[in-house]
């Protein structure tokens, strides 16, 4: 950062606030449960959050425009199934579940198909929000149900399981000590950070979320920008669908149920405002890590998962409260 | 009138806000059974006075009595309890509830926790019949016309035993026959001893329906007269006063030779022809712009004058493509252009500094730098990457040039003063080298120092050949700044005045002109 540039640190307070909480929690876990800080466990945490993390990157774009995307979990399942079917050579709705014997189309077409399903699903929802002017909550609530239905229909109720090593590598493999999904997540996080921070497009996403009318009167195509962010969440849902099927060695029609809420929680804990126009990728990564670390650390400490849920719930409310506090002081 | 015979008595009432003396020793009295007209230009203090009477503001000093007793209004609810009701231009009804539910909201008859619909309907019918209002108590408010909704508001006030009813521009959204009906109802109110304060820009109506008129100007009393003793011209004189001196005068800065050269070569930059716009948020059938035409020359500052509801903002938004036009053509440099969105307007070199700076001009939570370059990102980007170095240099240049007072370009605009915020908006457009800059109330809510800086800037832009359309509610400001002023009233062009001929009286005359004057005997053409 050039020295001449004055940074208003309070602008980053909400994002750094989550970082502070993350550090404190890590230190506490490290003291209470030394196993927590072993490299193996830390990479484990990262691998556990990488799918949530990828979804949260897309969600950050949507929430920055003041929207929301509830459909990602369902879209993930549908995309995973389609990708798996393509890989295994399933030729359609009926044979997908039992397509093990057929000739497959290869890995890259499979990934392409999963991502394409995500992008198309996102595009449809983006059109609904930006052209039909249906509130994003409603459009993606519809998506949540419809994509899940499509996943069940496509698979005929059967998961598509048992892949070759080349397929499983993406979800289960390691490069050196680093799990592959972690590398994918962090690479896309850097990319998303750059897009939001340094590109014209990123600037416009913030502007549309900050004040759509002012953005429109400044000559921005608010509709196109609004539509595009749902394509981005769709892309990440598609990619995650493939990765999760690879990780679990099975594309399931029930994959990703409830993921949207964890992902939204991570984005919000990371300081991105649900009203749009404020926040960013840095905070989102921290927010998602915070949830992952809490779950992991509490599990290591043998705390019941039920308590974990209660704690995450409280942290969401507390994080947003802190955020409001900072803003009130600033105004 | 003395304190005893007046129902509502306000004497020497003052109210100030930080930096503004909104009301200075204003007096207003009204008797039971009297209709008082309250008139004044935009910003004369009418709204402040209303907000005092409705309990939103408390007065700094002065006497307030109601029926001879000292009056302290705590809040809007309290005002209604003691019998002071206000019907605002924006009606406050619940669209999805019925007429009767709206009238008795919060006071529904019936046993505890329950509503007796039968009694609700009976009581509503009794009120409506008494006032000769022809409405079904069970009709949904949503299905009513604006005029009918207004009657629901009146009935609501009556159901609360209103003693002083204040109506803010009640006729602005009504058709002629609806105005007649309203006047009949005002007559009923009068007969039943209610004091009515009728606020309106329509001087003919004030002269027709009111007994007495009180004029405000710049937060002070500017006249008080029995209607039978005054004419329309008298009222205009009282409304405008004389206060031109305090303004920046472009005359003094204009080079006479350059001015003459401009006159011999009147390059028409923009021509708006027969612009029509129908429909507002409240009333989809309202005629907002009725075949409005005007032209704009190179390097000219063209003023748009008009009172609230004249259609000035709607006109410039229609030209900028921010709102949809029903019909009409726009010519730039003599060629017809199709402007359907702000994107098109910007492509053709038109910029808009909107009226609502915070709501439409700026993204308050983002930095000065981001706001300033928002319309200029295409030019500042290479392969979609914003060239941050070039951006900072450009922003720094404009901060210097316009003397924008900010701790730095990363400061959020929400933290800047009004004047500096406005400069950020203007800078945003000037980066694009516009041919035409539309400025809607560019000095509203800005302190005196920043105002004169903005006048200075506008003058510079005009001498550089940029054409400016300026909207202002302050006539003196228009007269000081504009080469030519187009007057609008109720969506129509009612007059055009050159700088040399512009006086406050002529502007006010044109801005209060209507095509039709409504009286209870029928319509009379002006």
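Using the count of nearby Cβ atoms within 10 Å as a rough guide to exposure, how do B:374, B:189 rank from fewest to most? Show your work: numbers first, answer last.
Details: B:374 24, B:189 21.
The fewest-first ordering by Cβ neighbours comes to B:189, B:374.
Looking only at segment B:8-240, where both bridge partners belong to it, what percent of the DSSP beta bridges are antiparallel (to the nearest 5)? Here the antiparallel bridges make up roughly 55 percent for segment B:8-240. Model label sites at residue B:273 and residue B:293, defined 7 Å from Cα along the beta-carbon direction, differ in position by 0.8 nm.
Partner shielding of B:317-328 amounts to 1, given as the average count of beta-carbon atoms from other chains within 10 Å of each residue beta-carbon. Take the Cα of residue B:378, step 7 Å toward its Cβ, do the same at residue B:140, and the gap between the two points is 4.4 nm.
Relative contact order of segment A:122-268: 40 percent, from C-alpha pairs under 8 Å at least 6 residues apart in sequence. Using a simple spin-label model with pseudo-atoms 7 Å out from Cα toward Cβ, residue B:32 and residue B:280 lie 3.5 nm apart.
Please tell me the relative contact order of segment B:8-240 in percent, rounded to the nearest whole number, where contacts are Cα pairs under 8 Å and at least six residues apart. It comes to 29 percent, rounded to a whole number.
For the listed peptides B:267-273, A:158-164, A:288-294, a ranking on the average number of other beta carbons within 10 Å per residue, highest first, reads A:288-294, B:267-273, A:158-164. Computed per residue of chain B from DSSP H runs no shorter than four, each worth -39500 (n - 2.57), the mean residue ellipticity at 222 nm is -9500 deg cm²/dmol.
First measure r as the distance between the Cβ atoms of residue B:400 and residue B:192, then evaluate 1/(1 + (r/R0)^6) with R0 = 51 Å and state the FRET efficiency to the nearest 0.05.
On the way: r = 66 Å, r/R0 = 1.29.
For R0 = 51 Å, the calculated efficiency reads 0.20.
Taking the DSSP beta bridges with both ends in the protein assembly as shown, the antiparallel portion is around 60 percent. Across A:283, A:73, A:219, mean-square fluctuation computed from a Gaussian network of chain A (C-alpha pairs under 10 Å connected) peaks at A:219. The C-alpha atoms of chain B define a longest principal axis, and helix B:146-159 lies at about 40 degrees to it. Between A:203, A:148, A:47, the residue with the greatest mean-square fluctuation in the GNM of chain A (Cα pairs under 10 Å linked by springs) is A:203.
Pairs of Cα atoms under 8 Å, at least six residues apart: use those to get the relative contact order of chain A, whole percent.
Details: 601 pairs, mean separation 108.3, N = 331.
With pairs under 8 Å counted, the relative contact order is 33 percent.
Could you sort A:268-276, B:89-97 so that the peptide with the highest average Cβ count within 10 Å comes first and the rest follow in order? Walk me through the numbers on the way to the answer.
Values: A:268-276: 23.2, B:89-97: 13.0.
Answer by packing, highest mean first, reads A:268-276, B:89-97.
Mean per-residue shielding of peptide A:204-217 is 6, counting Cβ atoms of other chains within 10 Å of each Cβ. As a rough footprinting exposure proxy, the listed residues B:459, B:132 were ranked by other beta carbons within 10 Å of their own, and the order from fewest upward is B:132, B:459.
Work out the FRET efficiency for residue B:329 and residue B:308 from their Cβ-Cβ distance, taking R0 = 30 Å, and round it to the nearest 0.05. Don't skip to the answer; put the middle values down first.
Numbers: r = 28 Å, r/R0 = 0.92.
Here the calculated transfer efficiency is 0.60.
For segment B:8-240, the alpha-carbon radius of gyration amounts to 1.03 times the rule-of-thumb value 2.2 N^0.38 Å expected for a compact globular protein.
Between the beta carbons of residue B:72 and residue B:340, assuming R0 = 51 Å, the FRET efficiency works out to 0.40 to the nearest 0.05.
What does the average come to when, for each residue of peptide A:274-281, you count the partner chain Cβ atoms lying within 10 Å of its Cβ? Show your work: numbers first, answer last.
Numbers: counts 0, 1, 1, 4, 3, 0, 0, 0.
Per residue, the number of nearby Cβ atoms from other chains is 1 on average.
Cβ-to-Cβ counts within 10 Å put B:320, B:402 in ascending order as B:402, B:320, the fewest first.
Which of rounded, prolate, oblate describes chain A, given a ≥ b ≥ c as roots of the alpha-carbon gyration tensor eigenvalues and a/c under 1.5 marking rounded, otherwise prolate only if a/b is larger than b/c?
Working: a/c = 1.89, a/b = 1.21, b/c = 1.56.
In terms of gyration-tensor shape, oblate.
Springs join every pair of Cα atoms under 10 Å in this Gaussian network model of chain A, and among A:179, A:135, A:305 the largest mean-square fluctuation is at A:305.
Rule-based calculations on the coordinates, nothing more; no lab input. Owing to the predicted nature of the structure, the values given are computational and were not obtained by experimental measurement. When we count neighbours, we look across all protein chains shown, and the Cβ atoms used for this are built from the backbone with ideal geometry, even at glycine.
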